[in-house]
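Report on the following structure.
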Amino acid sequence: MGKPKHYRPPGKKKEGNAARYVTRSQAIKILQVSLSDFRKLCIHKGVFPREPKKKVKGNHHTYYHLKDVMYILHDPLLEKFREIRAYQRKIKKAKAKKNDELAKLLLSRAPSYRLDMVIRDRYPTFIDALRDLDDPLTMVHLFAMLPAIDRLKIEVKRIHNCRRLCHEWQAYISRTHKLRKVFVAVKGIYYQAEVDGQKITWLAPHARQQVLTDDVDFNVMLTFLEFYEALLGFVNFQLYHSINVKYPPILDPRLEALAADLYALSRYFDANHRATIQEPQVAGSSRSEQEQEESDLRLAQLQHQLPANEPGALMHLVQNASSEIEEDETTRNCKNLFQNKKIFLSREVPRESLLFVIPAFGGIVSWEGDGAPFAESDDSITHQIVDRPTQGHVYLSREYVQPQWVYDSVNARIILPTEPYMVGRDPPPHLSPFVDDEAEGYVPDYAKTIRQLQAAAKSDIQPLPGTGNDELDNSQNMLAEGFINRTEAMEAAEKKQEMMLLEKQYHNELKMELQGVSSINQLNSEDTKSKEQSLPDVEEQSAEDPSRLMMSRKKRGLYKAIEMGKQQKKERVEKLKERKRNIEAAQKSEKKHKKAQVS
């Protein structure tokens, strides 16, 4: 009888993958915990399964690196989980003996654990936490919209905490004008913000009733949510302190009851800003006096001493940005986009999203309902966002537009014309700011229109073809005056250099002709070019074949995949162009049909 597979003589150490990787059952035996606790530990500590090249125990096992298991073994959180497990046995034993008083006492003293040191361990710097914030924000925004279901262990307290964290994050982004892109899709609304140089993208679901399915393991999602809540709380704390605002904020309970949390947070920012400005800088002031001032401020907020319907209180934080915050050019442009625009939201539009987006770009916004800063009858309103074909009362002093106008203006960074977005009309296509049209090979018509409007807004001066080098010589002056950006100036300089080289080459050829030197190389190159053009495509393929034959199998497969990707992109572009041609033909035939009916 032969030796079994992966035979190892007794006394010999394990080597290779057998020594580096362990299965999940082996990891649980090493840690001496249950499967649910092992999953929690892996999620909290950021340990994920690995894929070894050689799976010693078979393909049907899940493998973990032994170093990761040892990393969990020496973590204090493991001891805490064992302590909680033992304590739960005590409660179970008391309930089995029908000792209800002891069970209640034990439940009231049940131990808990904190994830502070775990977050500190996983994210040594604040930039690391910001870099990993996409998934936490998406998960927290998702659970903020879910209903509370006891069967799935989704508690009301947890949903309220998720909503609080979401509104605190949105209030900071709106306060500092860090929002950059917005896109409304079928799944929800995609946002992208730039905080400390890190681009953070998250998805917020639409404010509709969510239907929960049974094919999702909510226990695992709740474990992730537990870690993400703690992480987002630390991030919000750091961000609020960076702009000299106390955390956690204490909000107006009346506004909280009216579900106007973002407005309440903006008023909290406003109150903190005014307290910072008015606070006397007295040297040697005692700590007790400062604490008394803080308590008076919070008591004033709770007793509604701040004006409830003050129009400037909503976005006073936008107008009075702290001088300590360094603003780059992009932030200044975003801050002034909706400047001097007063926008009113009708009840049928997505209120929470627009309350977040419009103030982030410098606008003043109100809504229909209690707690609003100003009413619909205010004469200073410039735009009203509506999403229904008919209006009860129309004010001639304002423009009625659909919600897409706000999102398209934000992505274009200019105030777009309101005529295509008027009530009752089909709005233009909502283009995604996350797609690079040049890289995709297809630029939609409306994207070209937006580029023309952007060029007109910036007063862009572009050189016409064949006008000479005067504009190219003045590229640095145009950059200094703000007519063109740095990229366009660099392109102009490169073009100028190329033209200088071509001119030099032309002068050299003229000198050679004057000296009587025949350009044999040039004639030969022209002959070869004409021959290459006359050759059929088969010879071109045969010329390319040797280079492919010299490639290794891996590189050949990679090259083939690249070619297939290019072909698929070309087919996709052709499909879009064909669809566009069909739509235009259908529109022309419809117009002809209408004209025939009229005549």
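Results, tabulated for the structure shown:
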| read-out | value |
| --- | --- |
| Among (1) more than 22 Å from the chain's Cα centre (by Cα); (2) modelled with pLDDT of 90 or more; (3) within 18 Å of residue 196 (Cα to Cα) - the single one residue 223 does not satisfy | (3) |
| Counted residues, the range 347-356 - those being out of contact with any Asp or Glu (no Cβ under 6 Å at 6 or more places or on another chain), open to solvent by less than 20 Å² (accessible area, probe 1.4 Å) and closer than 14 Å to residue 402 by Cβ | 2 |
| Residues of the range 126-181 classified as in contact (Cβ under 8 Å) with a residue 24 or more places away in the chain, farther than 23 Å from residue 45 by Cα and assigned to a helix (DSSP H, G or I), total | 13 |
| Condition met for residue 208 (open to solvent by 60 Å² or more (accessible area, probe 1.4 Å) and in a loop (DSSP other than H, G, I, E, B)) | yes |
| Flag if residue 98 is free of Cβ contacts under 8 Å to residues at least 12 places away in the same chain and outside any helix (DSSP H, G or I) | yes |
| Unique match (being open to solvent by 40 Å² or more (accessible area, probe 1.4 Å), closer than 19 Å to residue 351 by Cα and of a type in the set (A, V, I, L, M)) among 107, 142, 165, 102 | 142 |
| Of all residues in the range 359-394 being polar (S, T, N, Q) and in contact with a strand residue (DSSP E or B) (Cβ under 9 Å, 6 or more places away or on another chain), the one that is farthest from residue 177 (Cα to Cα) | 391 |
| Those residues of the range 421-443 which are in a loop (DSSP other than H, G, I, E, B) and in contact with a helix residue (DSSP H, G or I) (Cβ under 7 Å, 6 or more places away or on another chain), in sequence order | 427, 428, 429, 430, 431, 433, 441, 442, 443 |
| Inter-residue pairs, beta-carbon under 6 Å, first closer than 26 Å to residue 230 by Cα and in contact (Cβ under 8 Å) with a residue 12 or more places away in the chain and in the range 30-59, second open to solvent by 30 Å² or more (accessible area, probe 1.4 Å) and part of a loop (DSSP other than H, G, I, E, B), 6+ apart | 49/62 |
| Hits in the range 209-224 - residues which are in contact (Cβ under 8 Å) with a residue 24 or more places away in the chain and hydrophobic (A, V, I, L, M, F, W, C) | 212, 218, 220, 221, 222, 224 |
| Considering residues of the range 357-385 that are surrounded by 22 or more Cβ atoms within 10 Å (Cβ to Cβ) and of a type in the set (A, V, I, L, M) only, the residue nearest to residue 401 (Cα to Cα) | 385 |
| Any hit, the range 369-386, residues being part of a helix (DSSP H, G or I) and either of a type outside the set (A, V, I, L, M) or touching a Ser or Thr at 6+ places or on another chain (Cβ under 6 Å) (or both) | no |
| Qualifying residue in the range 315-332 (condition: buried (at least 19 other Cβ atoms within 10 Å of the Cβ), modelled with pLDDT under 85 and out of contact with any strand residue (DSSP E or B) (no Cβ under 9 Å at 6 or more places or on another chain)) | yes |
| Residue, farthest from the chain's Cα centre (by Cα), within the range 184-205, restricted to residues that are within 23 Å of residue 402 (Cβ to Cβ) and open to solvent by 40 Å² or more (accessible area, probe 1.4 Å) | 186 |
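The values are calculated or read from the model by the stated rules, or taken from the named source; none is laboratory data. It should be emphasised that the depicted structure is a prediction, and the values quoted were computed from it without experimental measurement. Reconstructed Cβ throughout: ideal geometry from the backbone, glycine too, with neighbour counts over all protein chains shown. We work out accessible area using only protein heavy atoms, side chains counted, and drop any ligands, DNA or RNA first. Shrake-Rupley method; radii C 1.70, N 1.55, O 1.52, S 1.80 Å.
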